[in-house]
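Structure record follows, encoded as structure tokens.
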Amino acid sequence: MPDAYARIFRIVRDARNRAIEFVKDAVTRGRVVHGWEVDRAAREVIRKAGYGKYFVHRTGHSIGQQVHGNGANMDGLETRDDRQIVPRTCFSIEPGIYLREFGIRSEVDVYVDEREARVTGAIQEEILALL
């Protein structure tokens with residue numbers, strides 16, 4: 001596996017994990033969370049690593065019955081979504097870095113209730129396979 005793949009994956013993974021921790025901490029404390037704030041938490045990790053211009057989409061979206069829902073998007077880039085994340089909703093966190101040679105995105109889904117936020121499935125911590 002090329003070292004570049006592993007390096008970029010680690011940055012994307014750390015950005016994803018930072019956004020997850022931001023949401024978990026805020027919900028546990030009873031703090032209101034806006035979509036743009038989740039985007040900022042992930043985007044800042046990628047920016048500090050020097051790849052900000054290669055993260056070209058919002059961090060995530062609301063999930064509803066038809067995949068994309070009507071709730072807050074994790075967006076500080078395209079629309080700066082100021083809507084609140086409300087209890088009993090689900091959304092994705094999926095930061096990515098897209099270079100000319102390759103791109104990497106890592107996605108999880110997060111469910112929020114009144115006192116807790118949790119990832120709904122497995123969380124990828126390493127590259128599993130290369131094509």
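Go ahead and estimate [θ] at 222 nm for the chain from helices alone: -39,500 (n - 2.57) per DSSP H run with n ≥ 4, summed, over the residue count, rounded to 500.
On the way: 2 runs with 40 residues, N = 131.
So the helix-based figure for the chain works out to -10500 deg cm²/dmol.
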Which values of log₁₀ I(q)/I(0), to two decimal places, follow from the Debye formula for the chain at q = 0.09, 0.12, 0.16 Å⁻¹ with a uniform point scatterer at every Cα?
-0.24, -0.43, -0.74
Can you tell me how much longer the chain between GLU21 and VAL119 gets when fully stretched, taken as 0.36 nm per residue apart minus their C-alpha distance, in nm with one decimal?
34.2 nm
Given 99-112, 37-50, 3-16, the highest-first ranking by average Cβ count within 10 Å works out to 37-50, 3-16, 99-112
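Per residue, how much accessible surface does the chain expose to a 1.4 Å probe? Answer in Å², no decimals. The partial results should precede the final answer.
Values: 7700 Å² over 131 residues.
Roughly 59 Å² per residue, with all protein chains present.
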Ignoring any ligand, DNA or RNA, what whole percent of the accessible area of the chain comes from carbon and sulfur when the probe is 1.4 angstrom?
47 percent
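The values are calculated or read from the model by the stated rules, or taken from the named source; none is laboratory data. Everything numeric in this text was worked out from a predicted model, so none of it was measured. When we count neighbours, we look across all protein chains shown, and the Cβ atoms used for this are built from the backbone with ideal geometry, even at glycine. Heads up: the accessible areas ignore ligands, DNA and RNA and are worked out on the full protein's heavy atoms, side chains in. Shrake-Rupley method; radii C 1.70, N 1.55, O 1.52, S 1.80 Å.
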